[in-house]
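Enquirer: The structure that follows is given in the form of structure tokens.
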There are 2 protein chains.
Amino acid sequence: MASTIKDVAKMADVSISTVSRVINDSKPVSPEARRRVLHAISVLDYKPNEVARSLVTKKSNIIGVIVSDIGNQYVSQVLRGVEEIGRMYNYDILLSSSYDDPEVEIKFANLFSQKQVEGIIIISEILNQKLLYKLDEFKIPCVVINRFYNVDEAPTVTINNKAASYNMTDYLINMGHKSIGYVAMRKDMDRTNEKYKIRGYRDAMRAAGLKPSTLYCEGLTEADALELFEEHEDDFRKGKYSVLFCSQDLMAVHLMNVMRDHGMEIPEDMSFAGFGGSTLSDIYRPKLTTVKEPYYDIGAVAIRKLFKMLDKKNTDKSEEMILLPVEIIKRQSVVDLNDKK
Amino acid sequence: MASTIKDVAKMADVSISTVSRVINDSKPVSPEARRRVLHAISVLDYKPNEVARSLVTKKSNIIGVIVSDIGNQYVSQVLRGVEEIGRMYNYDILLSSSYDDPEVEIKFANLFSQKQVEGIIIISEILNQKLLYKLDEFKIPCVVINRFYNVDEAPTVTINNKAASYNMTDYLINMGHKSIGYVAMRKDMDRTNEKYKIRGYRDAMRAAGLKPSTLYCEGLTEADALELFEEHEDDFRKGKYSVLFCSQDLMAVHLMNVMRDHGMEIPEDMSFAGFGGSTLSDIYRPKLTTVKEPYYDIGAVAIRKLFKMLDKKNTDKSEEMILLPVEIIKRQSVVDLNDKK
DNA sequence: CTGTTAGCGCGTTCAC
DNA sequence: GTGAACGCGCTAACAG
């Protein structure tokens, strides 16, 4: 059995209050007593029981994080930021993967509240209103990180999808491209931030007097890419598009693969731009021009926001949305048509 | 303020003991009393405070996981297994990234022990004897997951690196390759499991009457790959090797990139095999033949082992090593030389 | 400066 | 079957 505050008190021949005082440095203690306590602590290798402490102080120093899937690259990058900043403030992370099941998320919220977490961060693709409602009911502060949805019920950290998409499109135009196709996920349309990305693309095209054209893809698998390719093969061969701007890096890579499999040269026959800034975009050849999302920063900002809410629980009720800047990474997957003139 | 057991007792007009009994189903309670308690619980939306509970039962239902870097693909895949199985047993995961700093790992071990975690899983590249010693001192059960080191001080879950490497080499030989080069990380040699991989390769080569040849690479970056290429360019051009078996997928991919950049055709001029089974290996073209490590299973088995240790703390002191089977994934990066005959 | 006391919320004797 | 009382390990008044 580990030693308790009592053991220390006994050995140092003081009361437990005095021990508590030197541990927390909460009240003045005579040098002599402090010395004896410190000595006893080191001899007994005493470490305060945080559970008992939490019970009385009502501070667990734990943040609950509910993610869709920890195995997801995007999620783990964000989590990195959350974890590191949390650590700076002496907070631990209680982690759970919901696999995007709303009911499971609610179950976790319950569990976490029972474990007395002080706040919760949600990294999820789905929008779980019921969960937010529940958290509000529990009075547990909460910050949402979501690539897809805009949430009004809680502070959210994300990027300005529309501006990012606008800027990338603008860049492509500056590279001399006029026939720019946008590849979007069909299943994510309407309900998600995808629509903001598309809007940015369309706005940029129209501002340049060009005609936007969107292709829809069912999912993120290679098969989905193949399907999209076959559907539009004629257009691709005829050179209807000089570049495809894909709403996700992975889709761009799959499409490049498929086109190559069908004898097209990349980027000569078709330029590509992605969205995300995944490590894959840097490893693949040609290196993919893409919109780099600041994953780490998103996590870091989110937990900082959470701490702020913890501080002044009453005042800062601003359920704002924090938008982080993105970076357009210019690589070889986009050919400069200006050179050809 | 959330309601407590007292509130429930008051409303149900029973003592807190009775409430506790129906919650834990620990002792018989009259149907009538139970009904009233249940009703009060639902009305008050009462949920037991797990912190208070832990304090008295000495069971936190929390497992601490110390990882090198949660942003690492390998780590997050393993964590998935840990998390999911942990959940099945109603355990939560307290997560922290050490970034491979031994001192930080020890700090976490202390923190975790103060938070009364019941066990700890370590997913790290480094071998931290001091940490293991400390955990032993705390009497906190611990399982180690390590791709590189063999640990004797605690149960370890890993794969049979030597056998895996042997089998892959054997496969390459069967594909008609005779001049098989092995690419290893220099910095990981000797101290790590890398040596087992090399041994497997060498044994397989010798068993087939072939001469092993190892090339050393400094690290995992593209620059490292380039350096290795330049160092051995002559050999590569002269066809000294028909295939390179790389100790990590990423290195294989970087090397393929570099060789292509220098005008070589892959896999025509050089076949490639990797180790890891990363998602990248399936996305890259040509798809990479590789040894697929069962990341999820490794995590799942590790936490199961931990639970076993928690069960019968005294009996199961076996500090064994659990080896999981791997799979050789045959893809297009290795050409079949037998066809050419 | 210090020790005594009263809880925090809950599980668990031990009498009734 | 049930409730009163104690204690888990600790912090926070409260007197002194």
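The values are calculated or read from the model by the stated rules, or taken from the named source; none is laboratory data. Predicted, not measured: the structure shown is a model, and the values here were computed from it. Cβ atoms come from the backbone with ideal geometry, glycine included; neighbour counts cover every protein chain shown. Just so you know, the surface numbers come from the protein's heavy atoms only, side chains and all, with ligands and any DNA or RNA stripped out. Shrake-Rupley method; radii C 1.70, N 1.55, O 1.52, S 1.80 Å.
Enquirer: Condition check: in a helix (DSSP H, G or I) and more than 20 Å from A:Thr156 (Cα to Cα). Does A:Leu38 satisfy that?
Expert: yes
Enquirer: Restricting attention to helices (runs of 4 or more DSSP H) lying wholly within segment B:43-154, give those where 1 or more residues are away from DNA strand C (no atom under 16 Å from the Cβ). Walk me through how you get there before you give the answer.
Expert: On the way: elements: B:50-57, B:73-88, B:102-114, B:129-138.
The helices (runs of 4 or more DSSP H) meeting that bar are B:73-88, B:102-114, B:129-138.
Enquirer: Okay, moving on. Residues of segment A:138-169 being open to solvent by 20 Å² or more (accessible area, probe 1.4 Å), modelled with pLDDT under 95 and more than 14 Å from chain B (Cβ to nearest Cβ), which ones?
Expert: Across segment A:138-169, the qualifying residues are A:Arg147, A:Tyr149, A:Asn150, A:Asp152, A:Glu153, A:Asn160, A:Lys162.
Enquirer: List the residue pairs whose Cβ atoms are under 6 Å apart, where the first residue sits in segment A:47-59 and is more than 12 Å from A:Thr4 (Cα to Cα), the second is within 9 Å of DNA strand C (Cβ to nearest atom) and open to solvent by less than 50 Å² (accessible area, probe 1.4 Å), and the two are 6 or more positions apart or on different chains.
Expert: Correct list of pairs: A:Val51/B:Val51; A:Val51/B:Ser54; A:Ser54/B:Val51; A:Leu55/B:Val51; A:Leu55/B:Ala52.
Enquirer: So which residues in segment B:208-261 are closer than 19 Å to B:Lys162 by Cα and either without any contact (Cβ under 8 Å) to a residue 12 or more places away in the chain or not aliphatic (A, V, I, L, M) (or both)?
Expert: Within segment B:208-261, B:Gly209, B:Lys211, B:Pro212, B:Ser213, B:Thr214, B:Tyr216, B:Phe245, B:Cys246, B:Ser247, B:Gln248, B:Asp249 qualify.
A quick yes/no check of all residues on (1) more than 10 Å from chain B (Cβ to nearest Cβ); (2) surrounded by fewer than 19 Cβ atoms within 10 Å (Cβ to Cβ); (3) over 18 Å from the mean Cα position of the chain (by Cα):
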{"residue": "A:Gly71", "(1), (2), (3)": "no, no, no"}
{"residue": "A:Val82", "(1), (2), (3)": "no, no, no"}
{"residue": "A:Tyr91", "(1), (2), (3)": "yes, no, yes"}
{"residue": "A:Lys107", "(1), (2), (3)": "no, yes, yes"}
{"residue": "A:Lys115", "(1), (2), (3)": "no, no, yes"}
{"residue": "A:Ile123", "(1), (2), (3)": "yes, no, no"}
{"residue": "A:Tyr133", "(1), (2), (3)": "yes, yes, yes"}
{"residue": "A:Asp136", "(1), (2), (3)": "yes, yes, yes"}
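Enquirer: So, in segment B:1-58, of the ones that are near DNA strand D (Cβ under 8 Å from one of its atoms) and at positive phi, which residue ends up nearest to the other protein chains (Cβ to nearest Cβ)?
Expert: Among residues in segment B:1-58 that are near DNA strand D (Cβ under 8 Å from one of its atoms) and at positive phi, the one nearest to the other protein chains (Cβ to nearest Cβ) is B:Lys58.
Enquirer: Counting only residues that are part of a loop (DSSP other than H, G, I, E, B) and open to solvent by 10 Å² or more (accessible area, probe 1.4 Å), which one in segment B:189-202 is modelled with the highest pLDDT?
Expert: Looking at residues that are part of a loop (DSSP other than H, G, I, E, B) and open to solvent by 10 Å² or more (accessible area, probe 1.4 Å), I get B:Arg191.
Enquirer: Another one. Please find, within segment A:323-341, the residue that is least open to solvent (accessible area, probe 1.4 Å) out of those that are modelled with pLDDT of 95 or more and basic (Lys, Arg).
Expert: Across segment A:323-341, the extreme among qualifying residues is A:Arg331.
Enquirer: Filter segment B:16-42 down to the residues that are more than 40 Å from the chain's Cα centre (by Cα) and near DNA strand C (Cβ under 8 Å from one of its atoms), then identify the one that is least open to solvent (accessible area, probe 1.4 Å).
Expert: If we take residues in segment B:16-42 being more than 40 Å from the chain's Cα centre (by Cα) and near DNA strand C (Cβ under 8 Å from one of its atoms), then B:Val19 is least open to solvent (accessible area, probe 1.4 Å).
Enquirer: I'm trying to understand the selection: among the residues of segment B:247-265, which are open to solvent by less than 10 Å² (accessible area, probe 1.4 Å) and within 14 Å of chain A (Cβ to nearest Cβ)?
Expert: Residues satisfying the conditions are B:Asp249, B:Met251, B:Ala252, B:Val253, B:Leu255, B:Met256, B:Asn257, B:Val258, B:Met259.
Enquirer: Sticking with this structure for a sec: Where residues in segment B:59-69 are in contact with a Lys or Arg (Cβ under 9 Å, 6 or more places away or on another chain) and open to solvent by less than 60 Å² (accessible area, probe 1.4 Å), which of them is nearest to DNA strand D (Cβ to nearest atom)?
Expert: B:Ser60
Enquirer: Please give the number of the condition A:Leu210 fails out of (1) modelled with pLDDT of 95 or more; (2) away from chain B (no Cβ under 14 Å); (3) open to solvent by 40 Å² or more (accessible area, probe 1.4 Å).
Expert: Every condition holds for A:Leu210 apart from (3).
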